[in-house]
Structure formats: C-alpha cells, structure tokens
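Encoded as structure tokens, the structure appears first; notes follow it.
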Amino acid sequence: MGTYLGSWLDHARARVRANTHDGYEALIRLHASPHLGPVLLTDLHPLLIQRLYTDLLAKGLSGGTVLNLRLVLTQALAQAVRWGLIGANPAGGAQPPRPTRPQITLVDPSLAERILQAVKGTPFEVPAAVAIATGMRRGEVLALRWSDLDRDLSVAHVRRSLQCGGVRLCFEEPMTRRSRRAVALPPSSSPTC
C-alpha cells in the first residue's frame, strides 16, 4: 500500500491544486501509511480500513480529518480499480464516522482588540482587521483587490484566494460556488479618503 499510495500521489499531482495535493500527501503520510503501508494492495480489505478509522478516532483525531482521509483513500483505491490492480474498492465497505458540524465560535472582543493592537502600524493591520470583521479566510483576505470592493466599500466580493503550493504563491479560483460570495464590510473598516 505504501508504494501504491506514493504512485497515486504522483498521478494526482497533475490533477488537483497544489495545496489539495499537499493535504492528500499529509493525510497519507501521517495517518494511512503508518497503518496500511506494509499491507499488500491485494490483501487490503474493508475491515483493515475500518480498524484504521477506529484507531485514529480513539487516538483523538477529529471525525472531520478521518472523513477527509476516507475521501482520499476512496479516490486512491478507485484509481487502483481503474488501473486493474484490484477488483473492487475496499474503502467502500468501511464506514466512516458520522460527520458533525463544528460549533461556530466568535472571536472574543478582548482578544480581537489585543490582536489589532499587536499589528497596529504594521503591514498586517488591514488584513487582520478585515479577517476579524468578516470571518474571511486568510487566502481570501490576501487576494482582495480594489475591484473586489463595492463603490461604497460596504461589500467585498470573494473571487479568488491566495494559495501556497509548496514554495510558490498563486491565485486560485474558489473551489465551490458557495466560496464565491459577497461579504458585508462593517462601516468602521471602510477607509476615509
């Protein structure tokens, strides 16, 4: 499995975004390979994958991370089926944990104030203020252009994200339609000219 997953990662590199590939690689390196690496691909069965999920959850790994690992294993093993290396996808027979939505947490006003004081007068001041005021992701904030703001500076349109792929930075389109959105800006964050 370890050798196969390495080959699959090489194949996937040209098919997904760099940061997605980095996420796949980390999930495999940290969680799949230590458990499944020594197993022959042809000997892999759903119960081994189920044990992997159970062990990871017992060690305190979040259900969301286990679900992401399941998605990666399902894709990797589906490719093994397409390549004729195995007859069926063993990941399909293992049940992942139930997905749970994380509880929304708000930034504590005193923490927000401390952050803003710490970055005051630095190049991080405006990005930090926008992130705190809107909840936008780091890459979304850093990818904003003046053309993304409404004329009255009350709305920012998320049209791209700045992503780090290895050692390079690049602008990427939002991955989902839901990520492409309009975000209200509070009046206090609108600069006066």
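The values are calculated or read from the model by the stated rules, or taken from the named source; none is laboratory data. Remember, it's a predicted structure, so these values are computed and weren't measured experimentally. Here the Cβ positions follow ideal geometry from the backbone for every residue, glycine too, while neighbour counts run over all protein chains shown.
I need the full set of residues from region 54-89 which are under 22 Å from the mean Cα position of the chain (by Cα) and basic (Lys, Arg), in order please.
Those that are under 22 Å from the mean Cα position of the chain (by Cα) and basic (Lys, Arg): Lys59, Arg70.
Cβ-Cβ below 8 Å, separation at least six or inter-chain, first residue in region 14-29 and over 14 Å from Glu172 (Cα atoms), second among the hydroxyl-bearing types (Ser, Thr, Tyr) and surrounded by 15 or more Cβ atoms within 10 Å (Cβ to Cβ): which pairs?
Leu27/Thr65
Of all residues in region 17-46 being outside any helix (DSSP H, G or I) and not aliphatic (A, V, I, L, M), which is nearest to the chain's Cα centre (by Cα)?
Looking at the filtered set, the residue picked out is Arg17.
Report yes if Leu111 is out of contact with any Cys (no Cβ under 8 Å at 6 or more places or on another chain) and surrounded by fewer than 15 Cβ atoms within 10 Å (Cβ to Cβ), otherwise no.
yes
Tell me whether region 79-92 contains one or more residues that are among the polar types (S, T, N, Q) and surrounded by 15 or more Cβ atoms within 10 Å (Cβ to Cβ).
yes
Restricting to region 30-41, count the residues that are without any contact (Cβ under 8 Å) to a residue 24 or more places away in the chain and surrounded by 15 or more Cβ atoms within 10 Å (Cβ to Cβ).
Number of matching residues: 1.
Yes/no matrix, rows are residues, columns are (1) touching a Phe, Trp or Tyr at 6+ places or on another chain (Cβ under 7 Å); (2) touching a residue at least 12 places away in the same chain (Cβ under 8 Å); (3) among the polar types (S, T, N, Q); (4) under 30 Å from Asp43 (Cβ atoms):
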position: Val81; (1), (2), (3), (4): no, no, no, yes
position: Ala91; (1), (2), (3), (4): no, yes, no, yes
position: Ile115; (1), (2), (3), (4): no, yes, no, no
position: Ala128; (1), (2), (3), (4): no, yes, no, no
position: Ala156; (1), (2), (3), (4): no, yes, no, no
position: Arg159; (1), (2), (3), (4): no, yes, no, no
position: Cys164; (1), (2), (3), (4): no, yes, no, no
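Scan region 98-118 for residues that are of a type outside the set (Ser, Thr, Tyr) and more than 24 Å from Val155 (Cβ to Cβ) and report the count.
11
From the list Pro99, Pro127, which residue is loosely packed, with under 13 Cβ neighbours inside 10 Å, of a type outside the set (D, E, K, R) and touching a helix residue (DSSP H, G or I) at 6+ places or on another chain (Cβ under 8 Å)?
Checking each option against the conditions leaves just Pro99.
Would it be correct to say that Leu73 is buried (at least 16 other Cβ atoms within 10 Å of the Cβ) and not assigned by TED's automatic domain parsing to the domain that holds Ala32?
When the stated conditions are applied, Leu73 does not pass them.
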